[in-house]
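To start, the structure under review is shown below, and the notes come after it.
The values are calculated or read from the model by the stated rules, or taken from the named source; none is laboratory data. Predicted model only: the values in this text are computed from it and were never measured. Cβ coordinates were reconstructed from backbone atoms using ideal geometry, including for glycine residues, and neighbour counts include every protein chain displayed.
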Amino acid sequence: MIQGGCFCGKIRYQIEPGNYTAANCHCSMCRRVHAAPYVSWLVVPREQFSYQQGVTKTLQSSETGARYFCAECGTHIACDNEKHPKIIDITIGSLDNPTPFSPTIEVFTDARLDWVTHLD
């Protein structure tokens with residue numbers, strides 16, 4: 001299993017092994033919520049993902065999208081959107097071992113900061 005969780009350890013999750021798309025998102029919402037130039041996500045079918053411990057807090061970040069994070073330490077874990085009900089995006093940085101999941105695509109590149117380099 002692929003495992004991950006928040007910084008303080010209160011939230012733990014697992015993902016069934018598989019070949020998942022990894023993407024860098026440059027949208028302004030990701031940038032502001034994470035206080036980062038972009039966020040790297042693992043795109044996972046919802047049925048392949050499960051929380052093992054703890055309960056996340058929800059931030060309704062748009063009309064159709066929500067973000068899930070640890071209320072104790074603030075680590076962002078996931079994001080979903082009603083427009084794509086069968087998937088959940090998991091922050092690659094919250095994985096116990098993020099190394100195998102190198103992003104291969106970029107989304108919302110129209111909002112990419114000028115000083116952020118493009119994927120090769």
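General observations
- Which numbered condition THR117 misses (of (1) of a type in the set (Val, Ile, Thr); (2) over 19 Å from ILE11 (Cβ atoms); (3) modelled with pLDDT of 95 or more; (4) not in a strand (DSSP E or B)): (3)
- Within the stretch 14-50, if we keep just the residues that are among the hydroxyl-bearing types (Ser, Thr, Tyr) and closer than 13 Å to ILE92 by Cβ, the residue that is modelled with the lowest pLDDT turns out to be TYR38.
- Residues (closer than 18 Å to SER50 by Cα and touching a Cys at 6+ places or on another chain (Cβ under 6 Å)) located in the stretch 60-109: ARG67, CYS70, THR75, ASP89
- Strands (runs of 3 or more DSSP E) lying entirely in the stretch 14-92 (those with 3 or more residues that are over 20 Å from PHE108 (Cα atoms)): 49-53, 57-60
- Scan of the stretch 12-48 for residues that are closer than 14 Å to ILE77 by Cβ, crowded, with 19+ Cβ neighbours inside 10 Å and not hydroxyl-bearing (Ser, Thr, Tyr), ordered by number: ILE15, CYS30, VAL39, TRP41, LEU42, VAL44
- Selection status of GLN53, out of contact with any helix residue (DSSP H, G or I) (no Cβ under 9 Å at 6 or more places or on another chain), exposed (fewer than 13 other Cβ atoms within 10 Å of the Cβ) and at pLDDT 95 or above: yes
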